[in-house]
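Notes follow the structure.
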Amino acid sequence: MTLLAMAGVAVASPFAAVAQGAGKTLLNVSYDVSREFYKDYNAAFAAYWKKTTGEVLTLNQSHG
């Protein structure tokens, strides 16, 4: 595979995941006192991400 072909695959790969509707999952780790803030913030950020990229984003939380 040529360098140019490999570069094309590297550039196209992220778009293939979006085209297939694949989502991303992030883990938000913070202290327990910020649990409520991040509950609201995560929902707002996931909505922003979907509107901006069309991709579903799942945000999990850990406070421990």
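Throughout, read-outs are computed from the coordinates displayed, never taken from laboratory work. If you're wondering where the values come from, they're calculated on a predicted model, not measured in any experiment. Neighbour counts are summed over all protein chains in view; Cβ atoms, including those assigned to glycine, are modelled from backbone coordinates with ideal geometry.
Write out the chymotrypsin sites (Phe, Trp or Tyr not before Pro) in the stretch 28-64 meeting two conditions: DSSP loop, and at most 12 other Cβ atoms within 10 Å of their Cβ.
31
Arranged by the count of other C-beta atoms within 10 angstrom, fewest first, what order do 62, 34 take?
The fewest-first ordering by Cβ neighbours comes to 62, 34.
How large is the translational diffusion coefficient of the stretch 23-64 in µm² per second when you combine the Kirkwood radius over alpha carbon pairs with Stokes-Einstein at 37 °C and 0.692 mPa s?
311
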